[in-house]
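The values are calculated or read from the model by the stated rules, or taken from the named source; none is laboratory data. On a predicted model such as this, the values are computed, not experimentally measured, just so you know. Here the Cβ positions follow ideal geometry from the backbone for every residue, glycine too, while neighbour counts run over all protein chains shown.
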Amino acid sequence: MPVRRSRTILLAAATVAAVLSGAGGSAAADPDPPAVVRASVISDDLAVTNVVPTWGAQIPKVVYDGSWYYAATLDGDGAQYPWSAQVWRSRNGTVWTPVVRLPGHVYQPVGLLVDGEGDLHLQVACYTGAECYPGVEPAPGADLGAVYPVRLEFTERRPDGSVDFADFTDHTVRASGSERYYQGLAIDASGRYLYSAYAVDGWDLRVNVFDTVTGQDVHTSDVGSPPAGRAWLYPRVQPGTAPGEVSLSFSQYVLGGANSAYLDAALLFSSDDGGRTFAHQEVLTSNPAPDGDGNWVDASDLTVDATGEIHTVFYRRDGGVGTLYYQRGLDGDAVPVGAMDNHSQILVAPDGEISVFSSEGAALVVATSTDGVAWSITHHTIPGVAAALWPNLLSDRQGSRVPPGFGGRRPATGMLMAGQTTGDAAFHPLLFVRYRD
C-alpha cells in the first residue's frame, strides 16, 4: 500500500491561560519552557460528513505496541451509513501507511488494544448482511438486521515487524443476541484480561471479560438495568491496579429523545470481583429535564492513578453553559474544572499531576492540576485546520507502551484528533497530536 507523505506541524505553543478555582502563586525562578504541540497528518482523504471520526470516547482508537503505532477511525462517502472504517500504521508517529479498510456495515468505531504479549486486538460492532472486516464471515441475519461484535487477534508480523492485518485469529461472536451497543473497551494492568462493557436489546448494561492468553471468554455478567424509559450508554471502562478491580462511568439516555444529548444522568459503578458484580454505584450528576440542547449531562472519562484511586470527569450543561467537573475517588466532591467540552479525557501522571485534554475550535485544550482543586487551562492552536476535534488518548488503559521520546521529566501525551478545514463538510485531516507540557 502507498505510504502517505508526512505533514508535520510543530509549534512552541503560544498559550491562552485561564486559572480557575482559586489557582494562583508566584512565578518560578526558572520557569519550564513553553508547551510544545506536534501534529502529524495520518490521512487527508477522509470523506465522512455525518460523524466526527474520533467519536466514541469509550473506544480506544490509537495504540503503540512497543514498535509500531496503529490508528483507526470511521469513514464513509459523505453521509453514508452504515459507515466504513480504516486502520493505519506508523513506525515513528509521523509517517503513516493505510493497512486495511473495513468496506462497510460498520455500526460503531473500531477499537484497538495491545495485550501483555504485545499482540494487537481489534474489536468492532458490525451489522449483519455483509462482510465488515475483509475475510471475516458475518453473523447470520438479514441485511442490517442485527449487530454483532467482530473480535480479532493479530499474532503474526510482517518482515518489518508490523502487524499482518490479513492473518488473524477470529474470536467473533455470531450467536443470536450477541449485540454490543456503544461498547467501551480496556485491558487490565496485567495485560491479560480484555474488558468490554456494552448495552444489549432492552438497554441493560453488561460486561464481558476475555482472556487473551487462553482465547476464551471468562464471563459475561449483567451490570444492571436502567430505569424505565432510559438506556445506559457509552460506558468508559477503567481496570484498577489490583486484580479484579474495574470501574465504569456511563451516561443515562432518555429514550425517544430527538438527539443523542437527551442525557439526564452520569453514573459511576465499581467492582472488585472482575466485573461480576458492582457493589459501588453512584450518580455523579443528574438533570431531571434534559432538552438535548441547553440542558443535559454526560459522563466524560475516568482513569486510575498509581495508588489505585479513581479520577473522574463529567459534564453539565445548564442554561446553555457547559462546565466540566472533576471528582477524586468513588464518592469525592465535585470540583469545577472549567468551560471544557464533554468529549474530554483524563490522565494522571506518575507524580500525581492531573491532566484533562479537550478541544475548542482549532485548539487542543489542556487543563492541569496538582491537587484536583486548583486548575489551569491552556489553549494550543493547531495550524492548518479550522477545527481540531475530540482527542482520543494513547494510554496504558488500552495496553499502549510508552513510545520513544514520550518519557522523561516532561513526558509527552499522544492522541488522535479529527480535523476539519474551512468550507469542507468532511472531517479531515485525521491528526496524530503529541503534547509536551
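Tabulated results
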{"quantity": "Every residue from the stretch 214-246 that is surrounded by 13 or more Cβ atoms within 10 Å (Cβ to Cβ), without any contact (Cβ under 8 Å) to a residue 24 or more places away in the chain and of a type outside the set (Asp, Glu)", "calculated": "THR220"}
{"quantity": "Filter result for GLY56 (surrounded by 21 or more Cβ atoms within 10 Å (Cβ to Cβ) and either of a type in the set (A, V, I, L, M) or more than 21 Å from ARG434 (Cβ to Cβ) (or both))", "calculated": "yes"}
{"quantity": "Condition met for ARG401 (of a type outside the set (S, T, N, Q), assigned to a strand (DSSP E or B), modelled with pLDDT of 95 or more and farther than 27 Å from ALA266 by Cβ)", "calculated": "no"}
{"quantity": "Only one of VAL356, VAL385, VAL335 that is closer than 27 Å to GLY419 by Cα and in a strand (DSSP E or B)", "calculated": "VAL356"}
{"quantity": "One residue from GLU137, GLU131 being surrounded by fewer than 23 Cβ atoms within 10 Å (Cβ to Cβ), of a type in the set (D, E, K, R), under 22 Å from GLN80 (Cα atoms) and without any contact (Cβ under 8 Å) to a residue 40 or more places away in the chain", "calculated": "GLU131"}
{"quantity": "Filter result for GLN86 (in contact with an Asp or Glu (Cβ under 8 Å, 6 or more places away or on another chain), over 16 Å from ARG180 (Cβ atoms) and polar (S, T, N, Q))", "calculated": "yes"}
{"quantity": "Criterion violated by GLN183 - all others in (1) buried (at least 23 other Cβ atoms within 10 Å of the Cβ); (2) polar (S, T, N, Q); (3) part of a loop (DSSP other than H, G, I, E, B) satisfied", "calculated": "(3)"}
{"quantity": "Tabulated pairs, the stretch 389-406, first in contact (Cβ under 8 Å) with a residue 60 or more places away in the chain and over 17 Å from LEU120 (Cβ atoms), second among the aromatic types (Phe, Trp, Tyr) and surrounded by 24 or more Cβ atoms within 10 Å (Cβ to Cβ), C-beta under 6 angstrom, 6+ apart or interchain", "calculated": "PRO391/PHE357"}
{"quantity": "Candidate set: the stretch 69-108, residues that are part of a strand (DSSP E or B) and among the aromatic types (Phe, Trp, Tyr); chosen: the one farthest from ASP160 (Cα to Cα)", "calculated": "TRP83"}
{"quantity": "Positions within the stretch 186-207 being under 22 Å from GLY308 (Cβ atoms) and either part of a loop (DSSP other than H, G, I, E, B) or hydrophobic (A, V, I, L, M, F, W, C) (or both), in sequence order", "calculated": "ALA186, ILE187, ASP188, ALA189, SER190, GLY191, ARG192, LEU194, ALA197, VAL207"}
{"quantity": "Top-ranked residue in the stretch 247-267 [being over 13 Å from ASP298 (Cβ atoms) and in contact (Cβ under 8 Å) with a residue 60 or more places away in the chain; ranked as surrounded by the most Cβ atoms within 10 Å (Cβ to Cβ)]", "calculated": "LEU248"}
{"quantity": "Any chance LEU112 is free of Cβ contacts under 8 Å to residues at least 40 places away in the same chain, within 22 Å of GLY66 (Cβ to Cβ) and crowded, with 18+ Cβ neighbours inside 10 Å", "calculated": "no"}
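The rows are residues; the columns are (1) without any contact (Cβ under 8 Å) to a residue 12 or more places away in the chain; (2) of a type in the set (Val, Ile, Thr); (3) closer than 30 Å to PHE250 by Cα.
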site: SER40; (1), (2), (3): no, no, no
site: TRP68; (1), (2), (3): no, no, no
site: ASP77; (1), (2), (3): no, no, no
site: THR94; (1), (2), (3): no, yes, no
site: LEU102; (1), (2), (3): no, no, yes
site: HIS105; (1), (2), (3): no, no, yes
site: LEU122; (1), (2), (3): no, no, yes
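Residue-wise test of (1) crowded, with 21+ Cβ neighbours inside 10 Å; (2) modelled with pLDDT of 95 or more.
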site	(1), (2)
ALA28	no, no
VAL48	yes, yes
VAL63	yes, yes
GLY76	yes, yes
PRO98	no, yes
HIS121	yes, yes
